[in-house]
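Engineer: Before I ask anything, here is the structure I am working with.
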Amino acid sequence: CSSDLPFDAVMPPGLQSVLITVFGIVGAGFLVFAVWRCASTRTLVPLFVVLGSIAAILYEPLGDTLEMAWYPAIGQVVGVTLWRRHTPLFIVLMFFIYFAAATMAFLELARRGFSRRIWWAFVIGSIVGQVVLEEAILAIAPGWIYYGPQPFRMIHFPLWIAVTAAVYEMVIGAGVYGIVRYVPARHHWMIVPATPLLFLIGHATAAFPGGLALYSTSDTALIWLGGAASIVLSFAICWGLSLAFVARPGAEEARAALPASAPVRSS
């Protein structure tokens, strides 16, 4: 489908300048916040989360290819070039804010203990936030383009892509929590290389049915079926992860009621 790529698309200069400025300022503030969190918690986890979020850019061009997304190359202020694709500077700046903020929020909620309501509020909030952000920016100018016969397109943004975004946020959060919770502190640097890997696992798994349909057929019904499959798979993955993080009602009471000699199985 390389012939479908909008090679002649021009990056809107005004929008690009605004996004670089906004994400640069917000990013600087967020970096200060991360350093403050390191000092207040006496751990380097927030810094590793930020570095891991920057490293996540390694997967971005592959994810864009899978879901048929394109950043206009003409007039683009390039942040990084990987896999023969240019990623704008404003996306690189956005990455460490977006991924790091989501991961830090997940870690804090997991520390407090997820309820079923909070878990699904996090998932749905991620989807709604993605839709609102992308629709708002794309309504101003095409800073990026979703090409091909995209299913579930709302105004400018295909909804199925927003749902897969929630999956990689939860997968990254769960993976980083596992490192923080079960790996000695001296090895918490593993968060940095783990983040792009978790991004790949979460996004590629959830987006595979939709991407497969886009690249395999021109049949509209099958393409919509692929997009629907990605949506269903995304919610299934989020539900599966919830089994490890959401306390089941009555679980602790049931354990307490067991005789001292009875074997206890983890839920």
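The values are calculated or read from the model by the stated rules, or taken from the named source; none is laboratory data. Being a predicted model, the structure only gives us computed values, none of them experimental. All Cβ positions, glycine included, derive from the backbone under ideal geometry; neighbour counts span all protein chains shown. Please note that ligands, DNA and RNA were not included when accessible areas were found on the heavy atoms of the full protein model with its side chains. Shrake-Rupley method; radii C 1.70, N 1.55, O 1.52, S 1.80 Å.
Engineer: Looking at Ala28, Ala34, which is the one that is loosely packed, with under 14 Cβ neighbours inside 10 Å, at pLDDT below 95 and in a helix (DSSP H, G or I)?
Structural biologist: On the way: Ala34 fails: loosely packed, with under 14 Cβ neighbours inside 10 Å.
Sole residue among the options that is loosely packed, with under 14 Cβ neighbours inside 10 Å, at pLDDT below 95 and in a helix (DSSP H, G or I): Ala28.
Engineer: Right, another one. Name the single residue that is nearest to Met94 (Cα to Cα) among those in the stretch 61-75 being touching a strand residue (DSSP E or B) at 6+ places or on another chain (Cβ under 7 Å) and either open to solvent by 20 Å² or more (accessible area, probe 1.4 Å) or among the hydrophobic types (A, V, I, L, M, F, W, C) (or both).
Structural biologist: So in the stretch 61-75, the residues touching a strand residue (DSSP E or B) at 6+ places or on another chain (Cβ under 7 Å) come out as 61, 64, 68-75.
Next, from what is left, pick out any that are either open to solvent by 20 Å² or more (accessible area, probe 1.4 Å) or among the hydrophobic types (A, V, I, L, M, F, W, C) (or both): 68-71, 73-75.
Numbers: Met68: 20, Ala69: 17, Trp70: 16, Tyr71: 14, Ala73: 18, Ile74: 20, Gly75: 19 Å.
Filtering first and then ranking leaves Tyr71.
Results for (1) part of a loop (DSSP other than H, G, I, E, B); (2) open to solvent by 20 Å² or more (accessible area, probe 1.4 Å); (3) touching a residue at least 12 places away in the same chain (Cβ under 8 Å); (4) polar (S, T, N, Q), shown as yes or no for each residue.
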residue	(1), (2), (3), (4)
Gly148	yes, yes, yes, no
Pro151	yes, no, yes, no
His156	yes, yes, yes, no
Trp160	no, no, yes, no
Thr164	no, no, yes, yes
Tyr177	no, yes, yes, no
Arg186	no, yes, no, no
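Engineer: Among all residue pairs at least 6 apart or on different chains, which show Cβ distances below 6 Å where the first residue, located in the stretch 9-38, is closer than 17 Å to Glu134 by Cα and the second is part of a helix (DSSP H, G or I) and open to solvent by less than 80 Å² (accessible area, probe 1.4 Å)?
Structural biologist: Note: pairs meeting the criteria are Leu19/Phe90; Ile20/Leu89; Ile20/Phe90; Phe23/Phe90; Phe23/Leu93; Phe23/Met94.
Engineer: Restricting to the stretch 125-143, name every residue that is touching a residue at least 40 places away in the same chain (Cβ under 8 Å) and either of a type in the set (Val, Ile, Thr) or surrounded by fewer than 18 Cβ atoms within 10 Å (Cβ to Cβ) (or both). Break it down stepwise before answering.
Structural biologist: Filtering the stretch 125-143 for residues touching a residue at least 40 places away in the same chain (Cβ under 8 Å) gives 126, 137, 140-143.
Passing the criteria: Ile137, Ile140, Ala141.
Engineer: Keeping to the stretch 83-108, report how many residues are closer than 16 Å to Ala166 by Cα and of a type in the set (A, V, I, L, M, F, W, C). I'd like the intermediate steps shown before the answer.
Structural biologist: Looking only at the stretch 83-108, we keep the residues that are closer than 16 Å to Ala166 by Cα, and these are 95, 97-107.
Subset that is of a type in the set (A, V, I, L, M, F, W, C): 95, 97, 99-102, 104-107.
Result for the stretch 83-108: 10.
Engineer: How about the stretch 50-98: which of its residues are on the phi < 0 side of the Ramachandran plot and assigned to a loop (DSSP other than H, G, I, E, B)? Before the answer, list the steps.
Structural biologist: First, the residues of the stretch 50-98 that are on the phi < 0 side of the Ramachandran plot: 50-67, 69-74, 76-82, 85-98.
Within the stretch 50-98, Tyr59, Tyr71, Pro72, Ala73, Gln76, Val77 qualify.
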